[in-house]
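The values are calculated or read from the model by the stated rules, or taken from the named source; none is laboratory data. Small disclaimer: the values here were computed from a predicted structure and weren't measured. Cβ placement follows ideal geometry from the backbone for every residue including glycine, while neighbour counts extend to all protein chains displayed. Heavy atoms of the whole protein, side chains included, go into the accessibility calculation; ligands, DNA and RNA do not. Shrake-Rupley method; radii C 1.70, N 1.55, O 1.52, S 1.80 Å.
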Amino acid sequence: MSISKNSKLFIAGHNGLVGSSCLKLFKKKGYTNIVTSEKEQLNLKNQSDTKDFFNENKFNVVINCAAKVGGILANYRNPYQFILDNILIQTNLINSSLDTGVDRFIFLGSSCIYPKFSKQPIKESELLCGKLEHTNEFYAIAKISGVKLIEAINKQYNKKYMSLMPTNLYGPGDNFDLKRSHVIPALIKKFHEAKEKNDDVELYGDGSPLREFLHVDDLSNAIKFILEKDITDTIINVGYGKEISISALSEIVRKITNFKGNIFWDKTKPNGTPRKLLDTKKLNAYGWCPNISLEKGISNTYEWYKNTFLNKS
């Protein structure tokens, strides 16, 4: 079943990168019954608190944007927190949704669930066909458990819950803490700060890995599109459809931030998966495609970064 403007919709993790984008979009499109909850009000890692919250609200639709996320360094240094916190959050949300009769559930996974050496572009069927990238395997295993929970619920209870596998995301609302950020916000911050200090920039790896990047607002549009079109595949990729090397990406960010210094590559640091491009033919066949180019999206994100962080200093 597709959703309506009156459906009672819970966006878990509404302050995060994806959640804030979803909240903005659904409000803009006239959805009038959206529920959110601050971390101080609801601990999604607590089973009984989550279940009580769901019993009180009786949602029609749940979008799970809540997760513990971070870049290579954060994943590598904190494997226990990444696997435990994500398993607790997603399990409590999924189980509470099932127990309280939620009609539609969107679980957001990650392209890192796929094997390190998947056939490219990566189809949904590549899941569990090989070894994971070791730098984020604990986060990936947590997400895989969520995908399998969704699959099991649909099989056993005839539900229409869905797992979306977005590629690498970026955009306004991103995390710019260099200890926990992903590549695009990290590049933006490094280049901007180096420009201000007239320094050079040091980047991890050798710049050769190929990556695909999707603006967060394109993902939000995909979520809305899927819910309104009544698309019910258990697992579906959401991507931009083009890849770029980290080296070439750094040159785009260099230009946008107007950085004039030198770039040095620390080849002692890990590159991560050598290539990761999603096959999005399944979603494209339904009529969805991204609208925000990489250059426009990074420019938009850089402006948000300056307006949000630099104007406060």
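The GNM of the chain, with springs linking C-alpha atoms under 10 angstrom apart, assigns the highest mean-square fluctuation among 22, 289, 129 to 129.
DSSP finds beta bridges in the chain, and of those with both partners inside it, around 5 percent are antiparallel. Using a 1.4 angstrom probe on heavy atoms only, work out the carbon and sulfur share of the accessible area of region 171-313 in %. After summing per-atom areas, the C and S share lands at 47 percent.
What is the Cα convex hull volume of region 9-94 when expressed per residue in Å³? Each step should come with its number before you reach the end.
Details: hull volume 7.9 nm³, N = 86.
Here the figure is 92 Å³ per residue.
Across region 88-171, the volume of the C-alpha convex hull divided among the residues equals 112 Å³ per residue. Output the 0 to 90 degree angle, nearest 10, between the alpha-carbon long axis of helix 47-57 and the longest principal axis computed from the alpha carbons of the chain. Between helix and principal axis, roughly 60 degrees. Suppose we look only past 24 Å in the calculated P(r) of the chain. What percent of the Cα-Cα pairs does that tail hold? Of the Cα pairs, 53 percent sit more than 24 Å apart. Centre-to-centre, using Cα atoms only, region 206-248 and region 74-143 are separated by 16 Å.
Provide the net charge surrounding residue 281, with neighbours chosen by a C-beta distance below 11 Å and charges set as Lys +1, Arg +1, Asp -1, Glu -1. In short, 0.
Given a 1.4 Å probe, how much area per residue of the chain is accessible, in Å²? Write down the numbers at each step before the final one.
Numbers: 14630 Å² over 313 residues.
The answer is 47 Å² per residue.
Considering all alpha-carbon pairs of region 203-244, what whole percent are spaced by more than 12 angstrom? The proportion of pairs with Cα distances above 12 Å equals 69 percent. In this view, the solvent-accessible surface of residue 174, computed with a 1.4 Å probe and all protein chains in place, comes to about 20 Å². Between helix 17-28 and the chain there is an angle of about 60 degrees, using the helix long axis and the longest principal axis of the Cα atoms.
Binning the C-alpha pair distances of region 190-313 at 5 Å intervals from 0 yields a P(r) profile of 2, 10, 16, 17, 17, 15, 11, 7, 4, 2, 0 %, listed from the shortest bin outward. Pairs from the list 68/306; 8/58; 179/296; 29/224; 242/269; 28/224 with a Cα-Cα gap above 19 Å: 68/306; 179/296; 242/269.
Using only the Cα atoms of region 78-120, build the gyration tensor, take square roots of its eigenvalues as a ≥ b ≥ c, and label the shape rounded, prolate or oblate: rounded if a/c is under 1.5, else prolate if a/b is larger than b/c, else oblate.
oblate
Per the Debye formula on identical point scatterers at the alpha carbon atoms of region 21-150, with no solvent, log10 I(q)/I(0) at q = 0.09 Å⁻¹ is -0.30.
Axis of helix 216-229 versus longest Cα principal axis of the chain: the two differ by about 20°, to the nearest ten degrees.
When the helix-only estimate is applied to the chain (DSSP H runs of n ≥ 4, each -39,500 (n - 2.57), divided by the residue count), what is the mean residue ellipticity at 222 nm, nearest 500 deg cm²/dmol? Show your work: numbers first, answer last.
Details: 10 runs with 134 residues, N = 313.
Value at 222 nm, helices only, nearest 500: -13500 deg cm²/dmol.
Computed across region 118-233, the Kirkwood hydrodynamic radius from all distinct Cα-Cα pairs reaches 17.3 Å.
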